[in-house]
Amino acid sequence: RYEPTWDSLDARPLPAWFDEAKFGVFIHWGVFSVPSFGSEWFWWYWQKEKREPYVKFMEANYPPGFSYEDFGPLFTAEFFDPNQWADILKASGAKYVVLTSKHHEGFTLWGSKYSWNWNAVDVGPKRDLVAELATSVRNRTDLRFGLYHSLFEWFNRLFLEDATNAFKTRKFPTSKSLPELYEIVTKYQPEIIWSDGDGNAPDTYWNSTGFLAWLYNDSPVRDTVVTNDRWGAGSICTHGGFYTCSDRYNPGHLLPHKWENCMTIDRSSWGYRRDARLGDYLAIEDLVKQLAETVSCGGNLLMNIGPTHDGRIAVVFEERLRQVGAWLKVNGEAIYGTKPWRAQNDTVTPGVWYTFSPKEGKVNAIFLNWPVSGTLELGEPQAKLGETQVKLAGYKELLKWVALGEKGMIIALPQLTPQQLPCQWGWTLQLTDVN
């Protein structure tokens, strides 16, 4: 049994499924999806920091005295079809999904008895959005279902009172944050608890270790659940399950501890923005590059979309997810279930990232640029004459190659028209019998 101490909790092995999964989809959805302007931090930027664009936006478009709470009934979700969402998630090739059950605004997407009249069952959609998505994902896909939960809430009076007392009092975690965590685990049995938002309070204030000990010992998901590292000030990148370290974290080198790169398709926001332009969204080439880099360095990629207030996954997000899925259909063997190789990227040719498939004993070289010369030089693999074989994922014939001294090889790529290429945006060479 795990003790409620970091020493004990940090010694828990991460359930194997998480490292094998490699790719998940993050969904930021909530009352912030109603103004859908600027950022999901809308309330904070408007009311607390009084940033000019947010203040002007409200003055120009809403009556005087309009409060953030007034956005609640406008969060309508009339087009939310959880089966359609599940089908898009499945098509993306993702192996898990993480839904924001509650962001820093405190609005819960389930009918929480600890969030009276500020939840999706009492206000707005009048639906349990968490339950509906969990059911569809589990019925229609093999994705693992996870939940994001914000520990703190910007404007909750109990939290602000505790903060004024330098967190010597614990009214907020005992009456709101912790009861919600126990509620979502018991009710929805998520296999990922993605914690966030410590409000600069230490983990002792949140009693994070107490909750995690229960989660790992006695909860209905104790054997399969994974957690992240955001459990109080100072715990990030140090304690918990997998490390996130920061948003959009992509170190570009191998880390000794399992980590996740959580990032957004919209470069500047996690929630939906009506004012976003095409150039604000990462192109599919960028996403394939992020995936290859992240996985080769031992990480998972958690790619975020922000649905609209009426429950739609915007077409641009759907297209990106389906494109990643199409790429993974051809190159999935170089991603899922792989381990980092001795080299992460190539020393001679930039834009080449390595992974290793332990079952097949294959080295995968993912290259992001198709060379004009038709030959690809790799500085890292040590090929063996008469033994090493090279294949292009999605193409039948073996490829010809020559070794370069003790280390390195030149590979002749097949001469294909764009229509004949097995995929776009990045390709995989599968090398067997290399040292």
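The values are calculated or read from the model by the stated rules, or taken from the named source; none is laboratory data. Values in this document were obtained by computation on a predicted structure and should not be read as measured data. Ideal geometry is used to build each Cβ from the backbone, glycine not excepted, and the neighbour counts take in all protein chains shown. Just the protein is used for accessible areas: all its heavy atoms, side chains included, with ligands, DNA and RNA removed. Shrake-Rupley method; radii C 1.70, N 1.55, O 1.52, S 1.80 Å.
Assorted remarks:
- Residue match in region 138-152 (condition: at pLDDT 95 or above, closer than 20 Å to Gly271 by Cα, among the acidic types (Asp, Glu) and out of contact with any Asp or Glu (no Cβ under 6 Å at 6 or more places or on another chain)): no
- Single match in Pro358, Pro307, Pro340 (criterion: over 28 Å from Gln415 (Cα atoms), at pLDDT 95 or above, in contact with a Cys (Cβ under 7 Å, 6 or more places away or on another chain) and not charged (D, E, K, R)): Pro340
- Test for Val288: is it within 19 Å of the chain's Cα centre (by Cα) and in the same structural domain as Leu89 (by the TED database): yes
- Some residue of region 324-336 being hydroxyl-bearing (Ser, Thr, Tyr), surrounded by fewer than 19 Cβ atoms within 10 Å (Cβ to Cβ) and out of contact with any strand residue (DSSP E or B) (no Cβ under 9 Å at 6 or more places or on another chain): no
- Taken as a whole, the condition of being outside any loop (DSSP other than H, G, I, E, B), of a type outside the set (A, V, I, L, M, F, W, C) and under 29 Å from the mean Cα position of the chain (by Cα) does not apply to Glu360.
- Within region 1-23, tally of residues that are out of contact with any helix residue (DSSP H, G or I) (no Cβ under 9 Å at 6 or more places or on another chain), of a type outside the set (A, V, I, L, M, F, W, C) and buried (at least 22 other Cβ atoms within 10 Å of the Cβ): 0
- Considering only residues in region 152-168 that are aromatic (Phe, Trp, Tyr) and assigned to a loop (DSSP other than H, G, I, E, B), the one that is farthest from Trp41 (Cα to Cα) turns out to be Phe167.
- Filtered residues of region 24-74 (kept if small (Gly, Ala, Ser) and open to solvent by 10 Å² or more (accessible area, probe 1.4 Å)): Gly38, Ser39, Ala60, Gly65, Ser67
- Boolean, Pro358 is more than 22 Å from Tyr249 (Cα to Cα) and open to solvent by less than 60 Å² (accessible area, probe 1.4 Å): no
- If the condition is being within 30 Å of Pro173 (Cα to Cα), assigned to a loop (DSSP other than H, G, I, E, B) and either under 26 Å from the mean Cα position of the chain (by Cα) or not assigned by the TED database to the domain that holds Thr227 (or both), then region 63-114 contributes Phe75, Thr76, Ala77, His103, His104, Glu105, Gly106, Phe107, Leu109, Trp110, Gly111, Ser112.
- Number of the exception - Glu285 against (1) open to solvent by 40 Å² or more (accessible area, probe 1.4 Å); (2) part of a loop (DSSP other than H, G, I, E, B): (2)
- Yes/no for Ala60 being assigned by the TED database to the domain that holds Val315 and in contact (Cβ under 8 Å) with a residue 60 or more places away in the chain: no
- Residue in region 372-388 that is open to solvent by 10 Å² or more (accessible area, probe 1.4 Å), acidic (Asp, Glu) and closer than 30 Å to Gly279 by Cβ present: no
- Looking at Glu78, Glu161, just one residue is more than 22 Å from Ile305 (Cα to Cα), open to solvent by 50 Å² or more (accessible area, probe 1.4 Å) and of a type in the set (D, E, K, R), and that residue is Glu161.
- Any hit, region 396-406, residues being in contact (Cβ under 8 Å) with a residue 60 or more places away in the chain, closer than 16 Å to Ala365 by Cα and buried (at least 16 other Cβ atoms within 10 Å of the Cβ): no
- Residue in region 10-32 that is of a type in the set (Phe, Trp, Tyr), touching a strand residue (DSSP E or B) at 6+ places or on another chain (Cβ under 9 Å), part of a loop (DSSP other than H, G, I, E, B) and in contact (Cβ under 8 Å) with a residue 60 or more places away in the chain present: yes
- Test result for Val330, in the same structural domain as Ser101 (by the TED database), in contact with a Gly (Cβ under 7 Å, 6 or more places away or on another chain) and more than 30 Å from Thr100 (Cα to Cα): yes
- For region 129-156, taking the residues that are among the acidic types (Asp, Glu) and touching a Lys or Arg at 6+ places or on another chain (Cβ under 9 Å), the one that is surrounded by the fewest Cβ atoms within 10 Å (Cβ to Cβ) is identified as Asp142.
- Test: residue in region 294-315 that is small (Gly, Ala, Ser), over 22 Å from Leu14 (Cβ atoms) and surrounded by fewer than 18 Cβ atoms within 10 Å (Cβ to Cβ): no
- Only one of the numbered conditions (1) assigned to a helix (DSSP H, G or I); (2) open to solvent by 10 Å² or more (accessible area, probe 1.4 Å); (3) in contact (Cβ under 8 Å) with a residue 60 or more places away in the chain is not met by Gly279, and that is (3).
- Verdict on Pro179 being at pLDDT 95 or above, open to solvent by 10 Å² or more (accessible area, probe 1.4 Å) and farther than 26 Å from Ala21 by Cβ: yes
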